Number of protein chains: 2
Amino acid sequence: MRWARFDQNGTPTYGVVEGDEIIPVRGSPFDMWERTSTRLKLADVKLLVPVIPPTFYAAGLNYAEHVREAAEKIGLKVELPKQADAGYRANNALIAHGENIVIPKDATDQVQYEGELVAVIGRRCRHLTRENALSAVLGFTIGNDVSERTWQKADRTLWRAKNTDTFKPMGPWIETDVKLDDLVTKVRLNGKELIAFPTNHMVFGVVDFLVSMTRYLTLYPGDVLWMGTEGATENMKHGDVCEIEITGIGTLRNPVVRES
Amino acid sequence: MRWARFDQNGTPTYGVVEGDEIIPVRGSPFDMWERTSTRLKLADVKLLVPVIPPTFYAAGLNYAEHVREAAEKIGLKVELPKQADAGYRANNALIAHGENIVIPKDATDQVQYEGELVAVIGRRCRHLTRENALSAVLGFTIGNDVSERTWQKADRTLWRAKNTDTFKPMGPWIETDVKLDDLVTKVRLNGKELIAFPTNHMVFGVVDFLVSMTRYLTLYPGDVLWMGTEGATENMKHGDVCEIEITGIGTLRNPVVRES
């Protein structure tokens, strides 16, 4: 099942995507819901960020090749993470499928994509086990962890390097029927494929993170966990269009503009 | 004016605190509101966390003496921050005035308080100036940035060191009439005052942070910014009661228990 959140006459509304149509529901996938009798053309609706998370978690460095690339870029020693330590991103930066990534005037040209799998939590949970962890996940969507590399290197935190407004595209929707081992993540810039990698080849997987995190903290419906990206990343410039596809989920597409 | 959020028959409700009474309102201080004709005894209501922030910002190292102490504790070189780089904390960890700080079973005895001023954003804003920045602040409350120092030192992020469930007491309420230069922060453990410092003697002040942050990001009503703490901090153990008082705002009091 595929859950989208869209603008229905000014009201954020959840709907079930079936082919090229969307069926609005009363309620939400995080609670009770029922289908309405309406069917809309998907092409006619404005998709919104599929969920505004109570807490926005990010695995960070979580793929071997990307760890090497990232460490070299910011001048640190290459070292694979030893445990599943999640970091945070910020809701102000979220934009939906189709919306513009806006590069601030004073950013360098080192503004880069990172294509990521996103786990969306479906229920309140603590003390998950390896056996039941995935039952706490409503489904998966796609994130683009846009990053300004000079700020990432220079600042004490990631506040502007990764959380400038519009730097966190997420969508287009949440897919509930996912076999993690079958997924492939592909990043395209202006239609040209720059990387394709097996999505689940992570240093620490979704289950690892959920079990580790919920030893100490409660996850809430709508919390998201971005799982990191693989490989080298390249600069995006004004006029580019960045697409992150994860097979079986969909394609998150965002144009890039530079603030004038 | 003093805004509290409390449990009214199971519904989180805002109210205006006047002396030892609270007057529930319809609406909220972040939107339209009007007083009801009810007056309740403050002592009879269960206070809630005064706001659940869309994004939870924290200044981190922001007082000279604390920077020195913290750097030594986690084995880093003492260096004052050169710019106002905010970090993040997580909503799962929030608890209200009066609720228990729960130390996990496997935490060491290095679980410490940090008494902090908290700015609560009142309206959506971007590109604030030094002149208008404080007009975006609804008021101020108090935070206790509870920290497990061994995890803080060992982990790649602050996810459990500072964001274990119950590690972020915030309250008791939001005070809108505050003169920052007059404030004094006092921390008491079991009634004994351990430190008192001028709240506004920060490396970067509230205005510095708001101006800097909103160059790149939008702040939303209810966002909070914790301003950091001063000086050395001490361990809290099962049975302790930790109080953070900021003169003119109030006192945030939380008992400490260790998970059994």
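The values are calculated or read from the model by the stated rules, or taken from the named source; none is laboratory data. For clarity, every value in this text was computed on a predicted model and none was experimentally measured. Here Cβ is always computed from backbone atoms with ideal geometry, including for glycine, and neighbour counts include all displayed protein chains.
Please find, among B:TRP173, B:TRP151, the residue that is under 24 Å from A:HIS127 (Cα atoms) and of a type in the set (A, V, I, L, M, F, W, C). Break it down into steps so the answer makes sense when it comes.
Values: B:TRP173 fails: under 24 Å from A:HIS127 (Cα atoms).
That would be B:TRP151, the only listed residue that is under 24 Å from A:HIS127 (Cα atoms) and of a type in the set (A, V, I, L, M, F, W, C).
Quick one: would you say A:PRO198 is modelled with pLDDT of 95 or more and within 21 Å of B:ASN91 (Cα to Cα)? Judged against the criteria, A:PRO198 is not a match.
In region A:160-170, of all residues being at the interface with chain B (Cβ under 7 Å from one of its Cβ atoms) and buried (at least 22 other Cβ atoms within 10 Å of the Cβ), the one that is farthest from A:VAL120 (Cα to Cα) corresponds to A:ARG160.
Might you let me know whether region A:112-134 holds any residue that is assigned to a helix (DSSP H, G or I) and either in contact (Cβ under 8 Å) with a residue 40 or more places away in the chain or within 14 Å of another protein chain (Cβ to nearest Cβ) (or both)? Yes, that holds for at least one residue. Checking A:ALA107 against (1) within 25 Å of A:LEU219 (Cα to Cα); (2) assigned to a loop (DSSP other than H, G, I, E, B); (3) touching a residue at least 12 places away in the same chain (Cβ under 8 Å), only one condition comes out false. Which one? Here A:ALA107 meets the rest and fails (1). Exactly one residue among A:LEU225, A:LEU210 is touching a strand residue (DSSP E or B) at 6+ places or on another chain (Cβ under 6 Å) and within 14 Å of chain B (Cβ to nearest Cβ), and that residue is A:LEU225. If I filter region B:205-227 for residues that are within 24 Å of B:LEU48 (Cβ to Cβ), in contact with a Leu (Cβ under 8 Å, 6 or more places away or on another chain) and among the polar types (S, T, N, Q), do I get at least one hit? Taking every residue of region B:205-227 in turn, none turns out to be within 24 Å of B:LEU48 (Cβ to Cβ), in contact with a Leu (Cβ under 8 Å, 6 or more places away or on another chain) and among the polar types (S, T, N, Q).
Can you find a residue that is among the β-branched types (Val, Ile, Thr), surrounded by fewer than 17 Cβ atoms within 10 Å (Cβ to Cβ), touching a Gly at 6+ places or on another chain (Cβ under 7 Å) and more than 30 Å from A:PHE167 (Cα to Cα) anywhere in region B:247-258? If you could, list the steps in order and put the result at the bottom.
Keep residues of region B:247-258 that are among the β-branched types (Val, Ile, Thr), which gives B:247, B:249, B:251, B:256-257.
Next cut, surrounded by fewer than 17 Cβ atoms within 10 Å (Cβ to Cβ) only: B:247, B:251, B:257.
Retained after the next criterion (residues that are touching a Gly at 6+ places or on another chain (Cβ under 7 Å)): none.
No, there is no match, as no residue in region B:247-258 is among the β-branched types (Val, Ile, Thr), surrounded by fewer than 17 Cβ atoms within 10 Å (Cβ to Cβ), touching a Gly at 6+ places or on another chain (Cβ under 7 Å) and more than 30 Å from A:PHE167 (Cα to Cα).
Of the set (1) closer than 24 Å to B:ASN200 by Cβ; (2) in the same structural domain as B:LEU158 (by TED's automatic domain parsing); (3) among the aliphatic types (A, V, I, L, M), all apply to B:LEU94 but (1).
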